[in-house]
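Derivation of every value follows stated rules applied to the coordinates shown; laboratory data play no part. What you see is a predicted model, and the numbers here were worked out from it, not measured in a lab. No Cβ is skipped: glycine too gets one built from the backbone with ideal geometry, and neighbour counts run over all protein chains shown.
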Amino acid sequence: MSDINVPLPYAEPVEDTSSQDGSIGLLVLLAIGLAIAGVALAMLNREAAEPFVLAILAGLSVVGVFALFAGAVGILRFGERSERNDITKSLVDNLPQGALVTTVRGKIVYANEAYSRIVGAVEGEGLPTVEKVFSGNPRVTEQIFRLTRAARQGTIWEEEFSEISENEDGAGEGVNRWFRVSVRQIPMKPGKRASNVHTLWLVDDITGERSNQDSAFESLQRMINYLDDAPAGFLSADASGKIGYMNATMSRWLGRDLSEIAEGSLKLGDILFGETSALLARKANETGTPKKQQLEADLVRRDGTSFAARILHRAPSHSDGANALSHMIVIDQSQDQENDGEARAARARFSRMFHATPIAIATVDERGRIGDTNAAFARMFSRAGEPYEAGEMALADVVGDDNKSALVKALEAARSGQGVIDPVDLVFGENDERSGRFYFSTTPAADGEEAMVIVHAIDTTEQRELEVQFAQSQKMQAVGQLAGGIAHDFNNVLTAIIGFSELLLANHRPTDPAFQDIMNIKQNANRAAGLVRQLLAFSRQQRLRPQVLSLSDVLADLTILLGRLLSEKTELDLEHGRDLWPVKADLHQFEQVIINLAVNARDAMPDGGKLTIRTSNVTERESEQLGHKGMEAGEYVLCEVTDTGTGMPPEVMEKIFEPFFSTKEVGKGTGLGLSTVYGTVKQTGGYVYPHSDGAGKGTSFRIYLPRYTGTGAEEIQEADTQDTRPDKTQTTKDLTGTGTILLVEDEEAVRSFAARALEGRGYKVLQAGTGAEALDVLGDHDGDIDLVVSDVVMPEMDGPTLLTKLRETLPDIKIIFISGYAEEAFKKNLEGEESFAFLPKPFSLKQLAAAVKDVLDS
């Protein structure tokens, strides 16, 4: 290395024509012009030439005086060039890289001494261009072509390539030299002609640089080989536990492929048994000193077997950077246990057991600070993925403020030596979203050591969530049973009201004063029947007529109706998913679900807004990742109804599916709309989940219906001949008939109305109030009964039991069940494949007569 105090010699350029930018031609032209003028004046006489001579002399004197003054003030300089090239030229002349400037046509304008040296120019033979220097080497033809093309196009380009030069004696293989060549166009000043454009070539010999890189790579490869063949395992992981490096020894012990490291799919939790990974995945420590620890743990191989190991762990420090990796050395103890002492082996076994237990364990000193912890404790009470360090945090700081007094009391009881301490249920976490049960015991003070409190904690978060979920489910089930019972009783009452109203209407003309009053009674009874159907829908006891549906088609058909329901200020947007799977549901009930949600959304947007209904398929894996409580993994079709309305706070969200709960003003809602949605979706086998970010942020209802996986060849289930809607016009014209009918109904009003209605159609009606009474009537009229019309829910003997008894003596007897419950509610109690007809309550006179007529004629 040269002394830095010795000035370097100036490197004169090999070729430099750039300074010849003056024009001697102008000077020659000026001289010729003066000569021609002198000859011309000489041919004139003195008097005629004198004015011209004076004029020429005057002009030259003015130019001379101006030049003198311009030179004095520094405007013009004589005998030297502008300083514009002095610094720049000196810099280029002494560059370590070879610099070559050429014209557009390839003529060399400038070349520094480094260029001549690098390309090996021979004195006296002229300086070659870059293309000519490497033209004889076919290995670099493509690189030179790309450089030349860039020079012509005026773009910047750079290439690196090698060339094998011949030895001076011409024997043996030459030296492999590496070159870095770049080309760029020198920008022109404005106003310059295109012919004055120049190209700058930079040529650098990087053979030494390449040699250093190769040496560094070889050294690195030797180091990697050493680490791979070391008798210990090496690995590194980031704060999330993702393993970034693992040597071949560790990979061989675990039976893992190193490609898993490159893919980033392997984590500490995959190779460490239990919760041990929580102790090793750490963020950079804010202090300058990296923390080190040693622990015994069980490592898990790919095949699920495990082996004992000692892990030496170094956590990253803050100086290593926020994304620094923690490093670990792993020693396989399964091969060295025979050489270990008995005490050391026992400590190793205890350490593995201590960290492998799923119960969180920690020691607490007399100041209440956390001491030693196992992996489960570190996982349970970690702060943003960072476990607690021994002695840096008090146990009271990890629980909620409302629970600190109970925790401190339990710790004091343990320190005082109490043998039996009741467990304490505490909440913890960033927002007290987790819960646990804590057990406390104490260890007596040893020599030189203070007494320690041992804390065992069990995470009860999932248990608490299940308890809340179960309580809510029990509540909804109880409300549903109550609603179903009320609906059944109301259906009996409504059946009598509607029936007797029709009997009265049959005896009154439309012109009678009482006719309109009776009609109002019937109409309001029908309205009440609609509310009862909603109660049955919530209790999942309504009658469904499932069929295979495409939700895209169903929603498309509903568009016009929804447009009428919504206000003009509300925008409706349908987003259909591609290739939607089919579902099996009741068409009319599903339409009612969407209508109910749309009406609620409209009312939540009094000033207008946007209602979006979108559908999509949900795969089994996606359903597992949704995290909805109570939802089983499977394939579903999602129908999401979203509005931009007022939204709902959490306290309202908890009650929206309860019957008669409503946030609307009195008289503007029954509180059964969402209850109907809940019951219908549940009865279909699906799930419905509301979501709202709070008041003023809109609401979404996500309905998940199971994917229908049938063959598609089965026929859609036909609707019953009797419609549950009272005002539906029956197609049967002649409802009269003959025959004996046994009517079994415990409600006297319903039995009386039904008997009068059937007798008015020509039938003979035998009445019974219970199932037992019906058997007695049957015994008195053996063989004379053509049809049995029976209620389902009755005292002493219900309808299904009565049917079983009837089959013993009359196996071919025809029967119609009437009930306020759905058919499916009692059908499961029937033995075998019983054949029967069903008529839901409330029913009208015409519906009863039509059902009887159809069964007798079948």
Net +/- balance of residues flanking ALA757 in space, Cβ distance below 13 Å, scoring K and R +1, D and E -1: +2
Between the stretch 553-588 and the stretch 101-125, what's the alpha-carbon centroid distance in Å? 79
What number results when the radius of gyration of the stretch 543-636, computed over Cα atoms, is divided by 2.2 N^0.38 Å? 1.21
Taking R0 as 35 Å, what's the FRET efficiency between ARG578 and LYS629 from their Cβ-Cβ distance, rounded to 0.05? 0.75
Report ³J(HN,Hα) in whole Hz for each residue of the stretch 455-460, in order, from the Karplus equation J = 6.51 cos²θ - 1.76 cosθ + 1.60 where θ = phi - 60°; Gly and Pro get x. 10, 10, 10, 10, 6, 10
Would you please give the FRET efficiency between VAL652 and ASP517, computed as 1/(1 + (r/R0)^6) with r the Cβ-Cβ distance and R0 = 30 Å, to the nearest 0.05? 0.15
Using 24 Å as the Cα-Cα cut-off, could you pick out the over-long pairs in LYS522/LYS764; LYS764/LYS805; LYS522/LYS655; LYS610/LYS682; LYS522/LYS846? LYS522/LYS764; LYS522/LYS655; LYS610/LYS682
What's the ranking of 628-639, 205-216, 294-305 by average number of surrounding C-beta atoms within 10 Å, highest first? 628-639, 294-305, 205-216
If amide H atoms are modeled at 1.01 Å from N in the peptide plane, then the residues at a separation of 5 or more from GLY371, or on another chain, having amide H under 5 Å from its own are THR363, VAL364, ASP365, GLY391
For GLY577, the net charge from surrounding residues (Cβ-Cβ under 15 Å; K, R +1; D, E -1) works out to -3
List every residue whose amide H lies under 5 Å from the amide H of GLU635, counting only residues 5 or more places away in sequence or on a different chain, with H placed 1.01 Å from N in the peptide plane. ARG707
Between MET223 and ASN176, what FRET efficiency comes out of the Förster formula 1/(1 + (r/R0)^6) with R0 = 35 Å and r the beta carbon distance, rounded to 0.05? 0.85
Counting only residues 5 or more apart in sequence or on a different chain, those whose built amide H sits under 5 Å from that of VAL789 are LEU742, LEU743, VAL744, ILE816
Net charge (Lys, Arg +1; Asp, Glu -1) of residues whose beta-carbon lies under 15 Å from that of GLU160, GLU160 excluded, is -3
Which whole-number percent of Cα pairs in the stretch 200-256 have a distance greater than 18 Å? 56
Using the Karplus equation 6.51 cos²θ - 1.76 cosθ + 1.60 (θ = phi - 60°), what ³J(HN,Hα) coupling, rounded to whole Hz, does each residue of the stretch 767-774 give in order, writing x for Gly and Pro? 10, 8, x, 9, x, 5, 5, 5
